[in-house]
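Below is one structure, written out as C-alpha coordinates, with a few remarks after it.
The values are calculated or read from the model by the stated rules, or taken from the named source; none is laboratory data. Worth saying up front: this structure is predicted, and the values here are computed from it rather than measured. Quick reminder, even Gly has a Cβ in these numbers, built from the backbone with ideal geometry, and neighbours come from all protein chains shown. Heavy atoms of the whole protein, side chains included, go into the accessibility calculation; ligands, DNA and RNA do not. Shrake-Rupley method; radii C 1.70, N 1.55, O 1.52, S 1.80 Å.
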Amino acid sequence: MIEIKGLSKTFPSGRGVVNALCDISFSIPRGTTLAIAGKSGSGKTTLLNCIGGLECPDSGSINSFGINIHTLKKKQLSLFQRQNMGFVFQFGNLLSFLTVEENIAFPLILNKMYCNKERKERVADLLEKIGLPELSSALPSELSGGEMQRIAFARAIAHHPKILIADEPTANLDTKTGHKLIELVFSLAKQEKCTIILSTHDQELIRFTDKIVNLLDGRQIKNE
(Lines give C-alpha, C1' and ligand atoms only; values in the text may rest on other atoms or scores of the structure.)
Protein backbone atom coordinates (compact mmCIF):
# COMPACT_ATOMS: atom_id res chain seq x y z
CA MET A 1 0.00 0.00 0.00
CA ILE A 2 1.16 3.52 -0.85
CA GLU A 3 -0.48 6.32 1.14
CA ILE A 4 -0.23 9.99 0.19
CA LYS A 5 -1.51 12.42 2.83
CA GLY A 6 -1.83 16.20 2.60
CA LEU A 7 0.88 16.58 -0.02
CA SER A 8 1.74 20.16 -1.00
CA LYS A 9 4.59 21.60 -3.05
CA THR A 10 5.44 25.13 -4.18
CA PHE A 11 8.06 26.55 -6.52
CA PRO A 12 9.39 30.11 -6.71
CA SER A 13 8.88 31.92 -10.01
CA GLY A 14 9.38 35.39 -11.44
CA ARG A 15 5.76 36.16 -10.57
CA GLY A 16 5.94 34.88 -7.00
CA VAL A 17 5.17 31.38 -5.76
CA VAL A 18 3.59 28.64 -7.88
CA ASN A 19 1.40 26.14 -6.02
CA ALA A 20 2.35 22.97 -7.89
CA LEU A 21 0.46 20.66 -5.50
CA CYS A 22 -2.18 21.57 -2.93
CA ASP A 23 -3.19 19.12 -0.18
CA ILE A 24 -3.22 15.92 -2.26
CA SER A 25 -4.37 12.72 -0.51
CA PHE A 26 -5.07 9.21 -1.83
CA SER A 27 -3.96 5.60 -1.42
CA ILE A 28 -2.79 2.95 -3.88
CA PRO A 29 -3.23 -0.74 -3.01
CA ARG A 30 -0.37 -3.01 -4.02
CA GLY A 31 -0.68 -4.32 -7.57
CA THR A 32 -2.92 -1.43 -8.65
CA THR A 33 -2.43 0.50 -11.89
CA LEU A 34 -3.07 4.19 -11.26
CA ALA A 35 -3.21 7.09 -13.70
CA ILE A 36 -2.43 10.64 -12.63
CA ALA A 37 -4.38 12.62 -15.20
CA GLY A 38 -4.57 16.28 -16.13
CA LYS A 39 -3.56 18.89 -18.64
CA SER A 40 -0.02 20.17 -19.04
CA GLY A 41 0.91 22.22 -15.97
CA SER A 42 -1.59 20.47 -13.69
CA GLY A 43 1.12 19.06 -11.39
CA LYS A 44 1.32 15.49 -12.72
CA THR A 45 5.11 15.31 -13.01
CA THR A 46 5.64 17.04 -9.66
CA LEU A 47 3.36 14.51 -7.95
CA LEU A 48 5.14 11.60 -9.63
CA ASN A 49 8.53 13.00 -8.63
CA CYS A 50 7.41 13.33 -5.01
CA ILE A 51 6.07 9.76 -4.95
CA GLY A 52 9.34 8.55 -6.45
CA GLY A 53 11.45 10.51 -3.99
CA LEU A 54 12.96 12.67 -6.74
CA GLU A 55 11.50 15.83 -5.16
CA CYS A 56 10.68 16.61 -1.54
CA PRO A 57 7.21 18.04 -0.76
CA ASP A 58 6.83 21.14 1.40
CA SER A 59 4.30 19.33 3.59
CA GLY A 60 2.45 16.04 3.82
CA SER A 61 3.74 12.47 3.75
CA ILE A 62 4.26 9.57 1.36
CA ASN A 63 4.24 6.17 3.02
CA SER A 64 5.45 3.45 0.65
CA PHE A 65 4.91 -0.05 2.00
CA GLY A 66 5.42 1.02 5.60
CA ILE A 67 8.19 3.56 5.02
CA ASN A 68 7.76 7.34 5.03
CA ILE A 69 10.24 7.94 2.24
CA HIS A 70 10.78 11.64 2.86
CA THR A 71 12.04 11.00 6.39
CA LEU A 72 14.87 8.86 5.02
CA LYS A 73 18.40 10.20 4.78
CA LYS A 74 19.86 10.64 1.30
CA LYS A 75 21.70 7.30 1.19
CA GLN A 76 18.73 5.44 2.70
CA LEU A 77 16.36 6.97 0.13
CA SER A 78 18.73 6.12 -2.71
CA LEU A 79 18.88 2.50 -1.54
CA PHE A 80 15.08 2.33 -1.22
CA GLN A 81 14.62 3.71 -4.74
CA ARG A 82 17.22 1.37 -6.20
CA GLN A 83 15.68 -1.72 -4.63
CA ASN A 84 11.96 -0.95 -4.73
CA MET A 85 11.30 1.41 -7.64
CA GLY A 86 11.55 1.42 -11.40
CA PHE A 87 11.36 4.62 -13.47
CA VAL A 88 10.35 5.20 -17.09
CA PHE A 89 10.51 8.64 -18.69
CA GLN A 90 9.16 10.10 -21.94
CA PHE A 91 12.31 9.43 -23.95
CA GLY A 92 13.32 6.09 -22.42
CA ASN A 93 16.64 7.45 -21.13
CA LEU A 94 18.56 4.33 -22.12
CA LEU A 95 22.33 4.49 -21.66
CA SER A 96 23.59 5.14 -25.20
CA PHE A 97 26.93 3.34 -24.74
CA LEU A 98 25.35 0.09 -23.49
CA THR A 99 23.63 -2.59 -25.57
CA VAL A 100 19.98 -3.47 -25.02
CA GLU A 101 21.01 -6.48 -22.92
CA GLU A 102 23.38 -4.37 -20.82
CA ASN A 103 20.74 -1.65 -20.29
CA ILE A 104 18.20 -4.15 -18.96
CA ALA A 105 20.82 -5.86 -16.79
CA PHE A 106 22.00 -2.55 -15.29
CA PRO A 107 19.60 -2.48 -12.26
CA LEU A 108 20.39 -6.14 -11.57
CA ILE A 109 24.08 -5.31 -11.38
CA LEU A 110 23.44 -2.24 -9.21
CA ASN A 111 21.41 -4.34 -6.77
CA LYS A 112 23.88 -7.25 -6.93
CA MET A 113 21.11 -9.60 -7.99
CA TYR A 114 21.82 -13.01 -9.50
CA CYS A 115 25.02 -14.45 -10.89
CA ASN A 116 26.05 -13.60 -14.45
CA LYS A 117 24.24 -16.63 -15.92
CA GLU A 118 21.01 -15.85 -14.05
CA ARG A 119 21.18 -12.18 -15.10
CA LYS A 120 21.44 -13.23 -18.73
CA GLU A 121 18.46 -15.54 -18.28
CA ARG A 122 16.39 -12.78 -16.65
CA VAL A 123 17.22 -10.36 -19.48
CA ALA A 124 16.49 -12.97 -22.16
CA ASP A 125 13.14 -13.75 -20.53
CA LEU A 126 12.15 -10.07 -20.48
CA LEU A 127 13.24 -9.55 -24.08
CA GLU A 128 11.09 -12.52 -25.08
CA LYS A 129 8.09 -11.14 -23.17
CA ILE A 130 8.33 -7.72 -24.82
CA GLY A 131 8.77 -9.33 -28.24
CA LEU A 132 12.32 -8.10 -28.95
CA PRO A 133 14.63 -11.10 -28.39
CA GLU A 134 16.61 -10.33 -31.55
CA LEU A 135 17.71 -6.90 -30.29
CA SER A 136 19.85 -7.95 -27.32
CA SER A 137 23.10 -6.73 -28.90
CA ALA A 138 21.65 -3.55 -30.46
CA LEU A 139 22.55 -0.07 -29.27
CA PRO A 140 19.80 2.48 -28.40
CA SER A 141 20.65 4.50 -31.52
CA GLU A 142 19.53 1.54 -33.62
CA LEU A 143 16.06 1.34 -32.04
CA SER A 144 12.73 2.91 -32.96
CA GLY A 145 10.86 5.02 -30.40
CA GLY A 146 8.48 2.17 -29.56
CA GLU A 147 11.36 -0.29 -29.18
CA MET A 148 13.23 2.08 -26.87
CA GLN A 149 10.19 2.45 -24.61
CA ARG A 150 9.67 -1.32 -24.44
CA ILE A 151 13.32 -1.74 -23.47
CA ALA A 152 12.98 1.06 -20.90
CA PHE A 153 10.02 -0.73 -19.31
CA ALA A 154 11.90 -4.04 -19.30
CA ARG A 155 14.83 -2.35 -17.54
CA ALA A 156 12.47 -0.73 -15.03
CA ILE A 157 10.96 -4.05 -13.91
CA ALA A 158 14.08 -6.23 -14.25
CA HIS A 159 14.88 -6.09 -10.53
CA HIS A 160 11.29 -6.93 -9.46
CA PRO A 161 10.45 -3.48 -8.01
CA LYS A 162 7.33 -2.94 -5.91
CA ILE A 163 6.59 0.35 -7.69
CA LEU A 164 6.89 1.34 -11.35
CA ILE A 165 6.68 5.09 -12.03
CA ALA A 166 6.17 6.28 -15.60
CA ASP A 167 5.95 9.93 -16.66
CA GLU A 168 3.98 10.33 -19.91
CA PRO A 169 5.53 7.08 -21.23
CA THR A 170 3.60 7.14 -24.52
CA ALA A 171 3.78 10.89 -25.23
CA ASN A 172 6.32 10.47 -28.04
CA LEU A 173 4.64 7.45 -29.64
CA ASP A 174 1.75 7.23 -32.06
CA THR A 175 -1.58 6.27 -30.47
CA LYS A 176 -1.64 2.65 -31.66
CA THR A 177 1.95 1.94 -30.58
CA GLY A 178 1.40 3.68 -27.23
CA HIS A 179 -1.71 1.70 -26.38
CA LYS A 180 -0.10 -1.60 -27.37
CA LEU A 181 2.85 -0.73 -25.15
CA ILE A 182 0.63 0.00 -22.15
CA GLU A 183 -1.32 -3.24 -22.61
CA LEU A 184 1.98 -5.13 -22.65
CA VAL A 185 3.39 -3.31 -19.64
CA PHE A 186 0.25 -3.77 -17.54
CA SER A 187 0.26 -7.47 -18.37
CA LEU A 188 3.91 -7.78 -17.33
CA ALA A 189 3.37 -5.76 -14.17
CA LYS A 190 0.52 -8.05 -13.13
CA GLN A 191 2.84 -11.02 -13.50
CA GLU A 192 5.49 -9.21 -11.46
CA LYS A 193 2.94 -8.03 -8.82
CA CYS A 194 4.12 -4.48 -9.38
CA THR A 195 2.19 -1.28 -8.60
CA ILE A 196 2.16 1.08 -11.59
CA ILE A 197 1.76 4.85 -11.27
CA LEU A 198 1.79 6.77 -14.53
CA SER A 199 1.00 10.30 -15.62
CA THR A 200 -0.92 10.97 -18.81
CA HIS A 201 -3.40 13.27 -20.49
CA ASP A 202 -4.51 10.53 -22.90
CA GLN A 203 -8.11 9.66 -22.01
CA GLU A 204 -8.00 6.45 -24.05
CA LEU A 205 -4.94 5.26 -22.18
CA ILE A 206 -6.59 6.00 -18.82
CA ARG A 207 -9.21 3.32 -19.47
CA PHE A 208 -6.52 0.67 -19.02
CA THR A 209 -5.93 1.68 -15.38
CA ASP A 210 -7.64 0.53 -12.17
CA LYS A 211 -7.72 3.94 -10.51
CA ILE A 212 -7.48 7.61 -11.54
CA VAL A 213 -6.33 10.73 -9.71
CA ASN A 214 -7.34 13.86 -11.63
CA LEU A 215 -5.38 17.09 -11.14
CA LEU A 216 -6.23 20.65 -12.13
CA ASP A 217 -3.81 23.48 -11.29
CA GLY A 218 -2.19 21.37 -8.61
CA ARG A 219 -5.44 20.41 -6.94
CA GLN A 220 -7.11 17.03 -6.79
CA ILE A 221 -10.53 17.02 -8.41
CA LYS A 222 -13.31 14.46 -8.08
CA ASN A 223 -13.71 11.90 -10.82
CA GLU A 224 -16.82 12.35 -12.90
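State the answer as a single residue: which of Thr46, Leu7, Phe97 lies farthest towards the positive end of the charge dipole of the stretch 1-114, with beta carbon charges of +1 for Lys and Arg and -1 for Asp and Glu, about the Cα centre.
Farthest along the dipole direction, towards plus: Leu7.
Taking +1 at the Cβ of each Lys and Arg and -1 at the Cβ of each Asp and Glu, which of Cys56, Gly86, Gly131 sits farthest along the dipole of the chain towards its positive end, judged by Cα position relative to the Cα centre?
Highest projection toward the positive end goes to Cys56.
Note down the accessible area of Ser141, probe 1.4 Å, to the nearest 10 Å².
Surface open to solvent at Ser141 totals about 110 Å².
I need the phi-derived Karplus couplings for the stretch 87-94: 6.51 cos²θ - 1.76 cosθ + 1.60, θ = phi - 60°, integer Hz, Gly and Pro marked x.
Karplus-based 3J(HN,Hα) across the stretch 87-94 equals 10, 10, 10, 4, 9, x, 6, 6 Hz.
Can you run phi through the Karplus equation (6.51, -1.76, 1.60; θ = phi - 60°) for the stretch 39-44 and list ³J(HN,Hα) in whole Hz, with x for Gly and Pro?
5, 4, x, 7, x, 4
How large is ³J(HN,Hα) for each residue in the stretch 3-14, as worked out from phi by the Karplus curve 6.51 cos²θ - 1.76 cosθ + 1.60 (θ = phi - 60°), to whole Hz, x for Gly and Pro?
10, 10, 10, x, 6, 9, 8, 10, 10, x, 9, x
Of His201, His179, His160, which has the most accessible area with a 1.4 Å probe, and how do the rest follow in descending order?
Final ranking, largest accessible area leading: His201, His160, His179.
When the dipole is taken about the Cα centre of the chain, and only Lys, Arg (+1) and Asp, Glu (-1) are charged at their Cβ, what size is it in debye, to the nearest 20?
Approximately 720 debye in magnitude.
Please give the length that would be gained between Asn63 and Leu98 if that part of the chain were fully extended, namely 0.36 nm times their separation in residues minus their C-alpha to C-alpha distance (nm, one decimal).
Value of the extension gain: 9.2 nm.
Compute the label zone of Asp217 within the stretch 28-46: residues whose backbone N is under 19 Å from the point 7 Å along Cα-to-Cβ.
37-46
Given axes a ≥ b ≥ c from the Cα gyration tensor, I'd like to know whether the stretch 78-182 is rounded (a/c under 1.5), prolate (a/b larger than b/c) or oblate.
oblate
List the pair-distance distribution P(r) of the chain, using every Cα-Cα distance, as the percent of pairs falling in each 5 Å bin from 0 up to the bin containing the longest distance, rounded to whole percents.
The percentages, shortest bin first, are 1, 7, 15, 18, 19, 16, 12, 7, 3, 1, 0, 0.
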